[in-house]
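Reading through the structure tokens given below for one structure.
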Amino acid sequence: MKLAFKLVSVFMVSTIVLTSAHAYFVIQRQSRAFEQEAEADAEALAGSLEGRIPQVLQQEGPEGLAKLVHNAEVYSVTTRVRWVWFDAQPGTPHSPSVPPEQLQAFVVERFVSIPAQGSDGSRHLFTYCPIAVDAERKGGLEVTHPMTKLEQEKREVIWQTIRLMVSMLVLTGGVAVVLGVRMIGRPLNRLIEKTHRISAGDLSGPIVMRTGDELAQLGNSLNEMCDALSASKQRVREETEARTAVMTQLRHADRLKTVGRLASGMAHELGTPLNVVSGRAGLIASGKLSPDEVARSASAIQAEANKMTAIIRQLLDFARRNAPHRVEADLWRIVGDTVELLGPLAQKQNVAVRLPGDREPMTALVDPAQFQQVLTNLIVNGIQAMPDGGEVRISVETELAAPPGDSEVAAREFIRIDVEDGGVGIAESDLDQLFEPFFTTKDVGQGTGLGLSIAYGIVQEHGGWIAVSSQLGQGSRFSVYLPKEPRA
């Protein structure tokens with residue numbers, strides 16, 4: 001609507017300007033015609049008197065010249081003719097009616113017309129006709145034409161212009177408003193509504209424009225853009241779903257690979273309880289035990305069975321594929337569960353996993369299963385980095401930090417989980433490629449190169465990152481950064 005009214009306003013202003021310009025040129029043309037007619041009358045009168053004026057002035061003097069001019073034949077009763085000396089002082093009988101400062105602006109060597117105010121207060125056109133009668137003084141005829149008629153004609157032109165302007169504005173303005181609202185305002189409102197729906201994510205409902213002009217072309221372009229965006233949105237959704245499915249499968253495969261490692265470590269852990277169960281069961285079966293001894297053996301069998309069940313359930317829970325679900329969880333509890341799960345594998349490798357004694361609760365918004373997979377990858381890598389045994393140290397602290405590679409983001413509080421080992425270390429040339437898929441520093445058959453890549457992806461989806469520092473022969477430290485404030 002605003003654009004339609006702007007166009008109508010421009011049209012009306014243009015109409016006013018053109019009509020005013022036409023009236024101005026009409027008035028100018030009338031003024032020039034009046035002036036030319038007055039000069040023609042004055043020239044004819046001067047031509048008829050020019051030969052007699054010197055003779056009368058010489059024989060009868062100024063009085064006779066005034067009488068000659070007064071008796072001259074003029075073409076209008078309103079026209080007045082008098083003889084003037086151009087150098088006469090104002091107020092003298094033969095001084096010009098026009099003020100000297102206005103008359104001196106012209107070199108009176110030819111006919112000249114000057115509009116000025118007469119003695120009666122009305123405007124007149126004074127036409128001066130120079131006539132040579134004296135070598136020492138310059139004189140001539142002053143022909144006065146009243147401009148009353150011209151002023152009346154000007155007023156008539158102005159009123160006619162005003163009436164015409166008002167009529168044109170009312171008629172054309174009304175038509176322009178109706179057509180502007182209908183042909184511009186409404187289609188533009190529909191286009192604006194369509195763009196608002198697009199910005200809100202609604203790409204449905206194609207707009208139909210029947211104007212057959214550029215607005216219709218714009219509407220068709222919007223429809224084509226919406227179709228293209230819908231197709232792109234669908235492709236992105238499908239690709240995202242496919243990528244998510246692949247990542248889920250890779251993470252599950254990585255988890256199963258870790259389960260294989262854990263199973264080999266748990267074989268020894270399960271062997272001892274099984275030996276106890278077997279021995280106690282044999283004693284009961286021999287029939288040589290007293291009722292109290294049978295009861296104690298049964299209790300021992302039950303305790304060892306519960307212990308084996310807990311170990312197997314813990315392993316199965318880790319291997320199970322779970323849908324991502326973030327909750328506020330205590331990171332120390334997840335760390336403790338992971339260390340307990342990896343205990344047999346660490347013991348088999350003669351590696352001790354150390355946690356600090358004073359552990360205050362440290363909560364963050366994470367998926368416990370996914371974050372346990374991250375910690376498992378890092379701790380297993382630390383265990384494998386120490387073939388001769390050693391110690392893996394884990395700590396959880398808060399730190400002011402900013403994401404790497406983004407200097408414009410202000411530092412804020414993050415939770416930092418450090419997994420540090422005293423193993424063989426990582427070459428500096430390999431640090432930049434450490435989190436790339438399928439990159440590994442292990443021997444062929446000992447790793448797929450997906451563990452750290454998957455771990456980094458999980459941490460990144462949680463709004464954090466993983467930093468690593470290492471020296472050959474002295475060990476490595478992996479630092480996992482997670483936002484301290486829970487994020488939806």
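The values are calculated or read from the model by the stated rules, or taken from the named source; none is laboratory data. Bear in mind the structure is a predicted one, so any value in this text is a computation, not a measurement. No Cβ is skipped: glycine too gets one built from the backbone with ideal geometry, and neighbour counts run over all protein chains shown. Each accessible area value is taken on the protein alone, full model and side chains, heavy atoms only, with ligands, DNA and RNA left out. Shrake-Rupley method; radii C 1.70, N 1.55, O 1.52, S 1.80 Å.
Here are the numbers for this structure:
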quantity: Ser469-Asn306 FRET efficiency (beta carbon distance; Förster radius 51 Å; 0.05 resolution); calculated: 0.75
quantity: Label point distance in nm, Arg32-Gln160, each placed 7 Å from Cα along Cα→Cβ; calculated: 1.8 nm
quantity: Relative packing of peptides 186-193, 168-175 - highest average C-beta neighbours within 10 Å first; calculated: 186-193, 168-175
quantity: Within-15-Å neighbourhood charge of Thr240 [Cβ basis; K, R +1; D, E -1]; calculated: 0
quantity: Accessible area, probe 1.4 Å, largest first, for residues Asp292, Asp367, Asp337, Asp430; calculated: Asp292, Asp337, Asp430, Asp367
quantity: Theoretical gain in end-to-end length, Ile192 to Ser20 [0.36 nm per residue, Cα-Cα removed]; calculated: 58.1 nm
quantity: Mean Cβ count within 10 Å, highest first, over the residues of peptides 296-306, 374-384; calculated: 374-384, 296-306
